2 protein chains.
Amino acid sequence: MNEKKRAEDAEREPSADPIVERAWQALHSVLDPELERDVVSLGLVRQVEVRDGRAEVELALTSATCPARDSIAADARRALLSLEGVHEVEFRFRTLSEEERKRLVEKSEGTARPFNKVRHTLAVMSGKGGVGKSMVTGLLAVALRQSGARVGILDADITGPSIPRMFGMREEVSSCPFGLRPPQTKGGIKVMSMNLLLAEEGQAVIWRGPMISRAIEQFWGDVLWGALDYLLVDLPPGTSDAPLTVLQSLPVESVLLVTSPQELAGMVVRKAAGMAKQLHLPIIGLVENFAHFTCPHCGGKIDPFGPSHSALLSHQVAAPLLGRLPLDPTLAECCDQGMLENCPLDAFMPVAEAICQKLGEPLRRPPRPH
Amino acid sequence: MNEKKRAEDAEREPSADPIVERAWQALHSVLDPELERDVVSLGLVRQVEVRDGRAEVELALTSATCPARDSIAADARRALLSLEGVHEVEFRFRTLSEEERKRLVEKSEGTARPFNKVRHTLAVMSGKGGVGKSMVTGLLAVALRQSGARVGILDADITGPSIPRMFGMREEVSSCPFGLRPPQTKGGIKVMSMNLLLAEEGQAVIWRGPMISRAIEQFWGDVLWGALDYLLVDLPPGTSDAPLTVLQSLPVESVLLVTSPQELAGMVVRKAAGMAKQLHLPIIGLVENFAHFTCPHCGGKIDPFGPSHSALLSHQVAAPLLGRLPLDPTLAECCDQGMLENCPLDAFMPVAEAICQKLGEPLRRPPRPH
């Protein structure tokens, strides 16, 4: 047992019974998949008994609906059965008592922050509205998730959030001892968005800047994201409070810019790029949306927003153009129906691959269904 | 002479010479077209002499580049020549002395507000970005201007302003004793926008809410809009500081909502509508943008953003759907080239007419060029 484990384990007197003590040690290898900490250190293992080869373990869960329950039990069973002298395992589940909850929260200083371990935090930004930031965020999340990564979306557009609608989410946000637990899409993408906290999605959130900033800070520090490979932050238009808070207060690694073909859009995107540069954040690249269109009647190619100015913009903001996405009515309908995870990803995959390459993470393509 | 004129005129001793006194009275009928106040009350007429039927008038202008100079002189000439005993008029022009300026500014309490007389102030709002608020604002301004109305655009999108680019404006903002003088488009639409105050249009304006609000308040109170038939306020996306300030601090008469066919956009527009309602502002109607598209190759009809949900939205926000505008690559190019005033207005005219009808003002169609 290493020093750290010894310290965290200090509350517990070592057991006089060697098999029970070995069982406790074995349970140290079982991780809470959300928190990426072992269940003994977290104080979730409340009692261990072993009699005649039969282990009985009392597990306290952070909430009655703890989504990690089955995975923790399976891992604990495996760990205990690997011990000589254990051939049967039984669990008793209960939720943490108020006292136990308090101790756990104190350990984490009352926020989810210590449990949020994100490998890559990417801000999806544009400055300009309506160029498809949320759609690019959503498609990227789907592509990453389908490749097996653990993905979250922090919807920083407090007054005009689009993400829950795109994924057809109606889930209520539940709480855990450290704050809020982000609901998951059908495909397992964790999402936190203002619209998941409103009684009706069309309800107006009429807040001035400081409230907006506070909400975004809470979406990071008071939400149990746990261990993620990617956290995508969907920014609202503009270069005011919301993007300032995201780029200054969240551990953003780099910025992905989204634009549309119009020079007018590019002019505003340049402002966003300027903001990222002033805050010393690298721009990973540029994605052009609504770039082209194929007539469903004759197959003719059309530039629906006029000729593209993204090559020039890429030069101006000194960031590579990672891809040009079509205007696709099917995609718009998918978003309206909350079916983004069922959309064909073909056109988007090269963009996702380019982004992953920039982050030094190869994107594994999911096996195609036969 | 009425009581008010007597009070404003108090600085001046009545002239002993009856013809000179009549000349002063005649000049009371001459209006500064920007301020809609007579030039005597404004203190712009500094001296009047009449000798042998020849009137000499000294006019002090608010600035050396006063755009109203020629119109004031023409009106004054006409007024004086109508007097018996005057058959020649000469003007001496000079700019106001510092002392005279100060007195004028004191009269107006140091802001342009007392001179800003706007018959209809309309906020163009969406909540959602990129649905074409600025384009609808611009097209409406052009249609109104071409019908002969005096029109201004207050670009309240401080961090992502589009209006100057659409009109190809590069004018510098000049100042007058009361504050800033809004530059005019080629067609004579007055515009105030953050991008007219920046050295480079792509420069980022990284301001938190209070600064944004202050700028918008200044765009109203410290800008000499003068007498206008219509002031259109182009709002940024969201329901935070900028729209709050516009709807609370500016004399907005009603709100025009802009949406796109997607239900997702409609959901966010509902938030904007909710905000207008909470602030007790009537919604004049709804304009759907990017509604349909005609293939330039085969003429086929396409719904580029999927089927329209605006009829439902119109019902939900209890405001009439005033029109559905096509997605038109030509229009996008016009905007990029700063040629919005040269765009064909055909598709937009029914919308402009519907808006004017709602405001109780018939829109005069300009004569078609032969």
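The figures follow:
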quantity: Percentage relative contact order, chain A, counting C-alpha pairs under 8 Å, at least six apart; calculated: 17
quantity: Pairwise burial A:B, computed as accessible area of each alone minus the pair, summed, 1.4 Å, Å²; calculated: 4800
quantity: Violating pairs (Cα-Cα greater than 18 angstrom) within the set A:128/B:190; A:301/B:128; B:133/B:271; calculated: A:128/B:190; A:301/B:128
quantity: Apportionment of accessible area to carbon and sulfur, chain A, percent (1.4 Å); calculated: 50
quantity: Whole-number accessible area per residue in Å² for the protein assembly as shown, which is evaluated in the context of all protein chains at 1.4 Å; calculated: 41
quantity: Mean separation of Cα contacts under 8 Å, 6 or more apart, over the residue count of region A:172-289: relative contact order %; calculated: 21
quantity: Antiparallel DSSP beta bridges within the protein assembly as shown, percent to nearest 5; calculated: 30
quantity: Inter-chain shielding of A:164-171 (mean C-beta neighbours from other protein chains, 10 Å cut-off); calculated: 1
quantity: Derived scalar couplings ³J(HN,Hα) [region B:353-358; Karplus, 6.51 cos²θ - 1.76 cosθ + 1.60; whole Hz; x for Gly, Pro]; calculated: 5, 4, 5, 4, 4, 4
quantity: Two-site FRET efficiency, residue B:315 against residue A:36, from Cβ-Cβ distance with R₀ of 51 Å, rounded to 0.05; calculated: 0.55
quantity: Cα gyration tensor shape for region A:200-264, rounded if a/c is under 1.5, else prolate or oblate; calculated: oblate
quantity: Nm distances between copies for residue A:109, ranked from closest, using label points 7 Å along Cα→Cβ; calculated: 5.1
quantity: Across the identical copies, how the residue B:63 labels are spaced - nm, sorted shortest first, 7 Å along Cα→Cβ; calculated: 5.9
quantity: Two-site label geometry, residue A:301 and residue B:294: point separation in nm, points 7 Å out along Cα→Cβ; calculated: 2.4
quantity: Whole-number percent relative contact order across region B:4-145, with pairs defined as alpha carbons under 8 Å at least 6 apart; calculated: 19
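The values are calculated or read from the model by the stated rules, or taken from the named source; none is laboratory data. Fair warning: this is a prediction, and the values are worked out from it, not measured in the lab. Counting neighbours? That spans all protein chains shown, and the Cβs are built from the backbone with ideal geometry, glycine included. The protein model used for the area step is the full one, side chains on, heavy atoms only, and it has no ligands, DNA or RNA in it. Shrake-Rupley method; radii C 1.70, N 1.55, O 1.52, S 1.80 Å.
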